[in-house]
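Novice: Below is one structure. I have some questions about it.
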Amino acid sequence: MGNFLAGKVVAVTGAGRGIGRAVALGAAAEGARVVVNDYGVSVDGAAPTSEVADAVAEEIRASGGEAVAVADDISTMAGGQRLVDVALAEYGRVDGVVCVAGILRERMLFNMSEEEWDPVVATHLKGTFTVFRAASAVMRKQGSGTLVGFTSGNHQGSVAQANYSAAKGGIISLVRSAALGLHKYGVTANAVAPVARTRMSANVPMELKEIGEPEDVAALVVYLLGDRAKAEGITGQVYTIAGPKIAVWAQPRELRAAYAEGSWTPERIADFLPGTVGTDPMPMLAQLEAMAKAAAGRERPNA
């Protein structure tokens, strides 16, 4: 076992399978004591079972590490709080939380029901909030800690995943807000937008040219949880990792501005905006054209 996270206590949601499991195992392999959380549901959020969390915790213990399983639903405030409470009860502190848990319910926006919107936003966005909320209160008193949220390249937008994209965009804003609000307490917050082979990526309707394994993502997360990332001042960042590729996303900022004298009217804006302020083209629109062309030829487009 390594010692990159020696002495640290890390809680991971969605840790029963895929990326979450790889993060839990990776953290344990580097010396962390791990709280393994997974509600044990299918990709669409149905049929919860505690067995997957128990299995990963046992796998860690069998390898000589320390772990405890928590099968609570982190989309509830009680579930998020219990995750942190268990870490404190078992190990006396919490140094990092990693929120991987997520589900999918795909539907075109004009057909999407409330029952398809609410659980996705609750699991991804609220589930990140509940854990961040509980953990940050402890980390503030400790004077140290790391929050890691999981977003997606789909925060740019998605044809049939308005619920998922909205939640993932919200996680980025939550992470940046946490980074700003907790900086003076010695707590960092970052987000990871992974591209890896998982149950969810199997449903992507295109061939991904850049894709890796859950273990690639785990390596980045372990780094972000460690002291070296904090020493470098890494906070409020969004990183993509896709196999050999690692990238950082731009911070939101105004791209272009112009000023006119007098009050605005719709007519003045129509004359002024297109040629002076302009637009920032959406990369995803080009992807749509490629997908439509490939669908006509019964092929899967590259992305």
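Laboratory data are not the source of any read-out in this text; all were calculated from the coordinates shown. On a predicted model such as this, the values are computed, not experimentally measured, just so you know. Here the Cβ positions follow ideal geometry from the backbone for every residue, glycine too, while neighbour counts run over all protein chains shown.
Novice: How high is the relative contact order of the chain? Use alpha-carbon pairs under 8 Å, at least six apart in sequence, and give a whole percent.
Specialist: 15
Novice: Taking the Cβ-Cβ separation of Ala292 and Glu51 as r and a Förster radius of 41 Å, what is the calculated FRET efficiency to the nearest 0.05?
Specialist: 0.45
Novice: What fraction of the DSSP beta bridges in the chain is antiparallel, stated in percent and rounded to the nearest 5?
Specialist: So the antiparallel bridges amount to about 10 percent of the total.
Novice: Report the charge-dipole magnitude of the chain in Debye, nearest 20, computed about the Cα centre from +1 at each Lys and Arg Cβ and -1 at each Asp and Glu Cβ.
Specialist: Here the chain has a charge dipole of around 580 debye.
Novice: Subtracting the Cα-Cα distance from 0.36 nm times the residue separation, let me have the gained length for Lys184 to Thr279 in nm, one decimal.
Specialist: Full extension from Lys184 to Thr279 adds 30.5 nm.
Novice: Just going by the charge dipole of the chain, with Lys and Arg at +1 and Asp and Glu at -1 on Cβ, which of Gly64, Ala15, Gly102 is farthest out on the positive end?
Specialist: Gly64
Novice: Using a cut-off of 23 Å between alpha-carbon atoms, which lysines can reach Lys293, once sequence neighbours fewer than 8 places away in the same chain are excluded?
Specialist: Correct list for Lys293: Lys209.
Novice: Another question about this same structure. Going down the table (Lys126/Lys184; Lys8/Lys230; Lys126/Lys168; Lys168/Lys245), which pairs top 18 Å between alpha carbons?
Specialist: Going by Cα-Cα distance, Lys126/Lys184; Lys168/Lys245 fall outside the 18 Å limit.
Novice: Grab the Cα-Cα distance for Thr76 and Glu59, subtract it from 0.36 nm times how many residues apart they are, and report the gain in nm with one decimal.
Specialist: 3.4 nm
Novice: Can you tell me the dipole magnitude for the range 63-195 around its Cα centre, using point charges on the Cβ only (Lys, Arg +1; Asp, Glu -1), in Debye to the nearest 20?
Specialist: The calculated dipole for the range 63-195 is roughly 560 debye.
Novice: Please return the longest stretch of the chain lacking exposed loop sites, where chymotrypsin sites (Phe, Trp or Tyr not before Pro) count only if DSSP places them in a loop and at most 10 other Cβ atoms lie within 10 Å.
Specialist: For chymotrypsin sites (Phe, Trp or Tyr not before Pro) (loop position, at most 10 other Cβ atoms within 10 Å), the longest site-free span of the chain is 1-258.
Novice: 222 nm [θ] for the chain, helices only, -39500 (n - 2.57) per DSSP H run of 4+, per residue, to 500?
Specialist: -12500 deg cm²/dmol
Novice: With a Förster radius of 30 Å, plug the Cβ-Cβ distance of Gln156 and Ala6 into 1/(1 + (r/R0)^6) and report the FRET value to the nearest 0.05.
Specialist: After rounding, the FRET efficiency stands at 0.20.
Novice: Moving on. Please give the FRET efficiency for Ser113 paired with Leu88, using the beta carbon to beta carbon distance and R0 = 35 Å, rounded to the nearest 0.05.
Specialist: 0.35
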